[in-house]
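First comes the structure, then the notes that go with it.
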Amino acid sequence: MTAPLILLTGATGYIASHTWLALEAAGMRVVGIDNFANSSALVLERLRQLGADVSRFEQADVRDAGALDRVFERHPIDAVVHFAALKAVGESTAQPLAYYANNVGGLITLLETMQRHACRRIVFSSSATVYGKPERLPIREDSALSTTSPYGATKLIGENLLRDLLKAEPSWSAALLRYFNPVGAHESGLIGEDPRGTPNNLMPYVTQVAVGKRPALQVFGSDYDTPDGTGVRDYLHVQDLAEGHAAALSYLLAGKGSLTVNLGTGNGVSVLELVRAFERASGRPIPYQLVARRPGDVDSCYADPSLAHELLGWRARRDVDAMCADSWRWQSMNPNGYAGEAGR
Ligand code: NAD
Ligand code: WQD
């Protein structure tokens, strides 16, 4: 049997680049597309160094139906993992149109193209953001859904669109994967998260403080209803997350149907706990200031990951110390991200 051929949209992004390796390790082949809106072509060189076959990559935009058609004409794609999206929560509030056009428009164009080419298996990058302000912890998949930002709305619309499609057309199958807080990097230190400008998320901010690019971390809120007053999240190693995609694809390719699952560890970790774990892993002090809450943030958000284990046999295996050690290896080997190599 030939190895399944999987299209990754947003293929050179943070999570997709790690997933590329995990899929090949699981015996799948990859076709990748990205428009480089938030990633560098140098990722491909790093993937090649790690042994990946990047020969089927091409620069393309998921909103470009003609370009997508050509990809499907050239390659007999068995399933798609749709990562391509804009993901900055604050920016989405300032630029809602860009977010809806890219994230919702891109998904519709992709699904229509898949329909035309009779490729009807998709893994969708959803997010814990669809739980809004969680009602109960740990969060189960049957919790109420709501959103607090245009970014979150694009993910919930994507989920609703897929649910409607699955109802209308039983020949489709979809895995809706709700990621919690992905951090960490490939253990080689060759690929990792490389945000443009000031990082929005905690871990890349911490690693940039550690490497001396920023003077101190601002801890957003120390009066939350949590053990130490700082926000609690479910940080998840990107390698575990990548392996979750391989498991979801195997499920779809085996014809087992559709599913919606949380991908998280189930452990709540506070900002200050993460900072201390990072200090231990890196041996670097992380100076910080306690400042006001960030608008829109919730006290605590962590998964009940049991359904993913039950359906996919998947479970996060790497702990917070490994997440910090691998984030630090990536940042210290690449203090300026991919740009450190040749500019981008
Ligand atoms: P990323 O920005 O590193 O990757 C997304 C990739 O998609 C980038 O390489 C970007 O250039 C590409 N892209 C964007 N719009 C495109 C378009 N129109 N056509 C082609 N390529 C396009 O982000 P990531 O953290 O790897 O996230 C991947 C997916 O996971 C996204 O859908 C994101 O919303 C979702 N997600 C991320 C997180 C997180 O915290 N990182 C959490 C939950 C869900
Ligand atoms: C984590 C904790 C902050 C930065 C976001 C999106 C979510 C999903 C994952 C895509 C919070 C605190 C942060 C800083 C801080 N993405 N913090 N100082 O907000 O849980 O989730 O990324 O789908 O949709 O909202 O992640 O890393 O931004 O914040 O104190 O400089 O760190 O307040 O408690 P968040 P985060």
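Only the coordinates and a few stated rules stand behind these numbers; no lab work does. These numbers come from a predicted model, not from an experiment. Because the Cβ atoms are built from the backbone with ideal geometry, glycine has one as well, and the counts that use them run over all protein chains shown.
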ask   = From the phi of every residue in the stretch 172-187, what ³J(HN,Hα) in whole Hz does the Karplus formula 6.51 cos²θ - 1.76 cosθ + 1.60 yield, where θ is phi - 60° and glycine or proline is x?
value = 8, 9, 9, 10, 9, 9, 9, 6, 8, 10, x, 9, x, 7, 4, 5
inquiry  = For a quick size check, give me the Cα extents of the stretch 1-67 along its three principal axes, largest first, whole Å.
reply    = 32, 25, 18
key: the stretch 71-121, relative contact order [Cα under 8 Å, separation at least 6], %   = 53
query = Picking from Gly66, Ala98, Leu47, whose Cα lies most toward the positive end of the charge dipole for the stretch 45-142 (charges on Cβ: Lys, Arg +1; Asp, Glu -1)?
reply = Leu47
key: Relative contact order computed over the chain (Cα-Cα under 8 Å; 6+ residues apart), in percent   = 19
request  = Taking a cut-off of 17 Å between Cα atoms, list the aspartates and glutamates near Lys167, but don't count ones fewer than 8 places away on the same chain.
outcome  = Glu112, Glu159
inquiry  = Quick check on the chain: helices-only [θ] at 222 nm, where DSSP H runs of length 4 and up contribute -39,500 (n - 2.57) each and the sum goes over total residues. Nearest 500, please.
reply    = -11500 deg cm²/dmol
key: Under-5 Å amide H pairs with Val81, H placed in peptide plane, nonlocal only   = Leu7, Leu8, Thr9, Val123
query = Any idea what % of Cα-Cα pairs in the chain are farther than 36 Å?
reply = 15
inquiry  = Restricting everything to alpha-carbon atoms, can you work out Rg to Rh for the stretch 70-222 with a Kirkwood hydrodynamic radius?
reply    = 1.01
query = Hey, what do the phi angles of the stretch 220-231 turn into as Karplus ³J(HN,Hα) couplings, whole Hz, using 6.51/-1.76/1.60 and θ = phi - 60°, x for Gly and Pro?
reply = 7, x, 10, 10, 6, 7, 9, x, 10, x, 9, x
task = Determine how many Å³ per residue the convex hull of the Cα atoms of the stretch 217-325 encloses.
result = 104
query = Among Thr147, Ile108, Ser126, whose Cα lies farthest out toward the positive end of the dipole of the stretch 52-192, if unit charges sit on the beta carbon of Lys, Arg (+1) and Asp, Glu (-1)?
reply = Thr147
request  = Work out how far the C-alpha atoms of the stretch 13-109 reach from end to end along every principal axis, then list the three figures in whole Å, largest first.
outcome  = 40, 28, 21
key: Rg ratio (alpha-carbon, reference 2.2 N^0.38 Å) - the stretch 98-172   = 1.20
remark   = hull vol. (C-alpha, convex hull) per residue for the stretch 196-260, Å³ -> 147
key: Radius, Kirkwood style, for the stretch 302-344 when every pair of distinct Cα atoms is counted (Å)   = 13.0
query = Non-local amide H neighbours of Leu259 (under 5 Å, H modeled in plane, Pro and chain starts lacking H): which ones?
reply = Ala174, Ala175, Leu176
ask   = How big is the charge dipole of the stretch 186-271 about its Cα centre, in debye rounded to the nearest 20, if each Lys and Arg gets +1 on its Cβ and each Asp and Glu gets -1 on its Cβ?
value = 260
Packing rank of 49-56, 233-240, where each peptide gets the mean count of other beta carbons within 10 Å, highest leading = 233-240, 49-56
task = Treating only the Cβ atoms of Lys and Arg (+1) and Asp and Glu (-1) as charged, compute the dipole magnitude of the stretch 155-232 about its Cα centre; round to the nearest 20 debye.
result = 220
inquiry  = What's the magnitude of the charge dipole for the chain around its Cα centre, counting Lys and Arg as +1 and Asp and Glu as -1 at the beta-carbon? Answer in Debye, nearest 20.
reply    = 260
request  = List every residue whose amide H lies under 5 Å from the amide H of Phe57, counting only residues 5 or more places away in sequence or on a different chain, with H placed 1.01 Å from N in the peptide plane.
outcome  = Gly32
message = Going by Cα centres, the stretch 288-337 and the stretch 96-140 are how many Å apart?
response = 21
query = Could you give me the ³J(HN,Hα) list for the stretch 123-139, computed from phi with Karplus coefficients 6.51, -1.76, 1.60 and θ = phi - 60°, whole Hz, x at Gly and Pro?
reply = 9, 10, 6, 9, 8, 4, 4, 6, 8, x, 8, x, 7, 9, 10, x, 7
